[in-house]
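A.B. asks: One structure, pasted below without further comment.
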Amino acid sequence: MTGSRAADPPALEIRDLEVTFSGSRGGVPAVRGVDLVIRPGETLALLGESGSGKSVTARAIMGLLEGPGVDVRMSRAQVGGRDLLTQDPEQRRLLRGSVMTMVFQDALSALNPVLTIGDQIGELFRTHRGATRAQARKHAIDLLKLVGIPAAESRVRDYPHQFSGGMRQRILIAMAVALEPDLLIADEPTTALDVTVQAQILRLIDRLRRELGTAVLLITHDLGVAAEVADRVAVMYAGRIVETSAVEEIYDRPAHPYTEALLAAIPDLERPSEQLLAIPGAPPRPGTVGAGCAFEPRCSRSSSLCDRERPLLTVLPGSPHRAAACHHTQEVLDAGTG
Ligand SMILES: Nc1ncnc2c1ncn2[C@@H]1O[C@H](COP(=O)(O)OP(=O)(O)OP(=O)(O)O)[C@@H](O)[C@H]1O
Ligand SMILES: [Mg+2]
């Protein structure tokens with residue numbers, strides 16, 4: 001972690017996030033009781049298999065999940081010291097794109113095909129900062145340089161389709177950091193790109209985080225990626241966080257059997273392109289989890305207690321910054337000691 005002190009107010013603080021989609025056969029509980037705290041300049045990687053609730057969590061924080069058919073609740077939601085729960089929809093819309101921004105996997109569909117890159121980036125400065133056309137153009141060129149687009153002065157007049165996938169992702173990142181947000185959420189920002197470009201994009205996000213002090217929520221399936229750039233990791237399973245820890249500790253000595261299984265499924269941590277999540281069985285569909293632990297049916301350490309009673313996310317004795325939701329945490333930790 002760079003340049004951030006524990007005493008600073010968090011860049012993001014979310015408590016008790018619950019997201020329920022209404023379906024024909026009752027509500028689908030996609031996210032349950034999620035807490036997230038990220039400090040300025042810190043990167044938190046949110047990991048978990050497909051369907052675990054990572055994107056829904058991100059979209060709920062961004063306020064992109066409003067409307068009929070979905071119920072979003074939080075007991076606390078602060079971004080950059082601003083209370084999201086007391087903002088009206090128009091205020092929240094203005095925070096999106098300035099105080100909190102999100103980079104999606106698919107850069108092409110996130111950009112407007114009929115506007116030049118310069119106009120799209122410039123628009124941010126015109127809307128949020130009241131910049132003139134000429135000022136906005138200058139900001140756009142500076143940003144293209146910041147994210148490593150060659151010949152920025154001329155490329156600012158080009159349209160999205162004239163850029164490669166990696167360059168488009170850089171442009172999206174430029175737009176995401178344009179107004180120096182407190183929080184940048186990157187949802188699988190590199191999966192559509194080839195391996196070399198993936199590494200470049202991650203390094204870019206990492207550099208901007210350091211230079212601008214932005215907090216980053218990086219969503220990924222890829223434990224290699226997380227190991228490389230994250231300060232802390234939160235592991236999601238079936239809509240809940242099941243383990244959270246500093247990045248070194250979680251890789252050296254996981255505390256939850258699900259994390260243990262995820263790590264065991266990576267062939268080689270040195271090669272971030274590998275993302276083999278071959279844990280036997282499949283995650284439960286939301287709404288099908290019983291009273292016990294959602295991971296119990298796939299867990300090698302399960303006992304009758306796990307079937308009856310859901311383990312709560314609990315701080316590990318002696319490790320105030322680690323927590324796990326498992327009745328058998330001590331066994332898992334002991335297994336990792338050797
Ligand atoms: N609009 C929706 N209506 C109903 N259910 C939804 C909706 N969006 C997401 N879900 C459900 O919520 C759960 C979590 O989905 P989410 O997209 O957050 O998963 P994810 O962890 O991002 O997975 P992936 O790694 O594949 O992106 C899934 O079971 C999904 O089917
Ligand atoms: Mg997703």
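A.B. asks: Give the carbon-plus-sulfur fraction of the accessible surface of the chain in %, rounded to a whole number; probe 1.4 Å, heavy atoms of protein chains only.
C.D. replies: Using a 1.4 Å probe with all protein chains present, the chain comes out at 51 percent carbon and sulfur.
A.B. asks: I would also like to ask the following. Any idea of the accessible area per residue across the stretch 9-145, 1.4 Å probe, to the nearest Å²?
C.D. replies: For the stretch 9-145, the solvent-accessible area averages 47 Å² per residue.
A.B. asks: For the stretch 1-138, what relative contact order do you get, as a whole percent, if you take Cα pairs closer than 8 Å and at least 6 residues apart?
C.D. replies: 23
A.B. asks: Let me ask another. Got a sec? What order do Leu262, Leu313 fall in by accessible area at 1.4 Å, biggest, i.e. largest, first?
C.D. replies: Correct descending sequence by accessible area is Leu313, Leu262.
A.B. asks: Let me ask you something else. Can you give me the three principal axis dimensions of the stretch 66-218 from its C-alpha atoms, in Å, biggest first?
C.D. replies: Projected onto the principal axes, the Cα atoms of the stretch 66-218 cover 47, 39, 33 Å.
A.B. asks: When the Karplus curve 6.51 cos²θ - 1.76 cosθ + 1.60 is applied with θ = phi - 60°, which whole-Hz ³J(HN,Hα) does each residue of the stretch 41-58 get, with x for Gly and Pro?
C.D. replies: x, 9, 10, 10, 8, 9, 10, x, 5, 4, x, 6, x, 5, 5, 4, 4, 4
A.B. asks: Next up: Please calculate the 1.4 Å probe accessible area of Leu108, with all protein chains present, and give it to the nearest 10 Å².
C.D. replies: 90
A.B. asks: Still on this structure, I have one more. Using per-residue counts of other Cβ atoms within 10 Å, averaged over each peptide, order 314-327, 224-237 from highest down.
C.D. replies: Put in order of decreasing packing, that is 224-237, 314-327.
A.B. asks: Further, regarding this structure: Which of Gly63, Gly48, Gly23 moves the most in a Gaussian network model of the chain with Cα springs under 10 Å?
C.D. replies: Of Gly63, Gly48, Gly23, the Gaussian network model singles out Gly23 as fluctuating most.
A.B. asks: Can you tell me the 0 to 90 degree angle between the C-alpha axis of helix 117-129 and the longest principal axis of the chain, rounded to 10?
C.D. replies: 80
A.B. asks: Let me ask another. Give the Cα extents of the chain along the principal axes, in whole Å, largest first.
C.D. replies: On the principal axes, the chain reaches 68, 43, 42 Å in Cα extent.
A.B. asks: Still on this structure: Rounded to the nearest Å, what's the spacing between the alpha carbon centres of the stretch 228-244 and the stretch 9-68? Just the number, please.
C.D. replies: Centre-to-centre distance over Cα atoms comes out at 12 Å.
A.B. asks: With every protein chain kept in place and ligands, DNA and RNA left out, what is the accessible area per residue of the stretch 299-338? Probe 1.4 Å, answer in Å².
C.D. replies: In whole numbers, the stretch 299-338 has 62 Å² accessible per residue.
A.B. asks: Could you work out the local net charge near Ile14, counting Lys and Arg as +1, Asp and Glu as -1, over the other residues with Cβ closer than 15 Å to its Cβ?
C.D. replies: Net local charge, Ile14 excluded: +4.
A.B. asks: Then there's this: Among the trypsin sites (Lys or Arg not before Pro) in the stretch 4-68, which ones are in a DSSP loop with at most 16 other Cβ atoms within 10 Å of the Cβ? Mind listing them?
C.D. replies: Those satisfying the criteria are Arg5, Arg25.
A.B. asks: Here's a follow-up. Got the relative contact order for the chain handy, in percent, Cα pairs under 8 Å and 6 or more residues apart?
C.D. replies: Relative contact order comes out at 20 percent.
A.B. asks: So if I take the centroid of the Cα atoms in the stretch 160-181 and the same for the stretch 283-338, what is the distance between those two points in Å?
C.D. replies: 40
A.B. asks: Which percent of Cα pairs goes in each bin when the distances of the stretch 36-87 are cut into 10 angstrom slices starting at zero?
C.D. replies: For the stretch 36-87, the pair-distance distribution reads 19, 50, 28, 2.
A.B. asks: Keeping all protein chains in place, calculate the accessible area per residue for the stretch 182-223 (probe 1.4 angstrom), answer in Å².
C.D. replies: For the stretch 182-223, the solvent-accessible area averages 33 Å² per residue.
A.B. asks: Please list, in order along the stretch 163-172, the HN-Hα scalar couplings obtained from phi with the Karplus expression 6.51 cos²θ - 1.76 cosθ + 1.60 (θ = phi - 60°), rounded to whole Hz, x for Gly and Pro.
C.D. replies: Each residue of the stretch 163-172 in turn: 10, 6, x, x, 5, 4, 5, 4, 5, 4 Hz.
The values are calculated or read from the model by the stated rules, or taken from the named source; none is laboratory data. Everything numeric in this text was worked out from a predicted model, so none of it was measured. Cβ coordinates were reconstructed from backbone atoms using ideal geometry, including for glycine residues, and neighbour counts include every protein chain displayed. Remember, those area values only see protein heavy atoms, side chains included, never the ligands or the DNA or RNA. Shrake-Rupley method; radii C 1.70, N 1.55, O 1.52, S 1.80 Å.
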